[in-house]
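For reference, the structure is listed below as structure tokens.
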Amino acid sequence: MSSELTSEMKGQTLWLTFNRPEARNALTFAMYDALAEICATIPTDGSVRAMVLTGAGGKAFAAGTDMTQFRVFETAQDALDYEDNISRVLAAVDQCPVPTVAAVHGACTGGGASIAAACDIRISSAQLKFGFPIARTLGNCLNAGSLARLSELIGAGRVREMIFTARLMGAEEALATGLVSEILPDEAALIARATELADHLAGMAPLTLRATKEAMRRNRAALAVEDSDLITSCYMSRDFKHGLEAFLAKQKPEWSGT
């Protein structure tokens, strides 16, 4: 297990913590892979009955993908492979055989927001900032599967508006839209409630929960569409390369639409 994604058993609950506080828990490719591996190998013998995901450092759940990794992208296949891998990771979270709870404090953006959206239940602190500010920062796009998952949670219109305006959703709006089911006043209260909720879920019928998760995933999977042309048009653009370097240099990008 990488030190950047730590795991700890507490009773019958597996706690996973994104642990790069110096980078607001920005996700490396290795962290994505480790998360997918954990979800795919969770035992179904009753030793693990729930999983909680959270972030270290007191400022963020996870602030998206570590953008420095995009500098190696040179071909359309690099972009397609990246989004395919994101889809694989999110599918692993979707298909995790035990209920998953995202305990979200602070920033939850980009890939971190996609992971939280793939969990079964989301609760947050009052300090939540959730969204995908890519139209302001990088100029890339979400794949169709991620957009479908978000639209299922909060509605297509709100997803479109949130991405188009690059704004971040606060806790009260997240509660009103159904993105989160509870707001806690601070991180300590959030962790305490996540512990209580996971213990409650551990007492529910495992097969009922598993069948419900899988049936809902299949409903969404039936709507899968081809999106490779959309992915490559963004990731291979001049705007994406410019946006990446502008963001890392803390400058405002000047979009050309090419």
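The values are calculated or read from the model by the stated rules, or taken from the named source; none is laboratory data. Just so it is clear, the model here is predicted, and its values are computed rather than measured. Note that each Cβ is placed from the backbone with ideal geometry, even for glycine, and that neighbours are counted across all protein chains shown.
Remarks
- Pairs linking a residue in segment 142-162 that is within 12 Å of Ala117 (Cα to Cα) and in contact (Cβ under 8 Å) with a residue 60 or more places away in the chain to a residue that is of a type in the set (S, T, N, Q) and assigned to a helix (DSSP H, G or I), with Cβ atoms under 9 Å and 6 or more positions apart or on different chains, are Gly145/Ser87; Ser146/Ser87; Ser146/Ser114; Arg149/Ser114; Glu152/Asn219.
- Screening segment 209-258 for residues that are part of a loop (DSSP other than H, G, I, E, B) and among the aliphatic types (A, V, I, L, M) and picking the one that is surrounded by the most Cβ atoms within 10 Å (Cβ to Cβ) gives Met236.
- Residue count, segment 2-21 (criterion: in contact (Cβ under 8 Å) with a residue 12 or more places away in the chain, of a type outside the set (S, T, N, Q), surrounded by fewer than 17 Cβ atoms within 10 Å (Cβ to Cβ) and at negative phi): 3
- Which numbered condition Leu179 misses (of (1) at pLDDT 95 or above; (2) closer than 19 Å to Arg220 by Cα; (3) part of a helix (DSSP H, G or I)): (3)
- In segment 204-222, the condition of being acidic (Asp, Glu), over 26 Å from Lys129 (Cα atoms) and at pLDDT 95 or above is met by no residue.
- Whether a residue is within 30 Å of Ile123 (Cβ to Cβ), assigned to a helix (DSSP H, G or I), of a type in the set (Asp, Glu) and in contact with a Gly (Cβ under 8 Å, 6 or more places away or on another chain) was assessed, and Asp199 passes this test.
- Residue in segment 125-142 that is under 25 Å from Ile38 (Cα atoms), more than 16 Å from the chain's Cα centre (by Cα) and β-branched (Val, Ile, Thr) present: no
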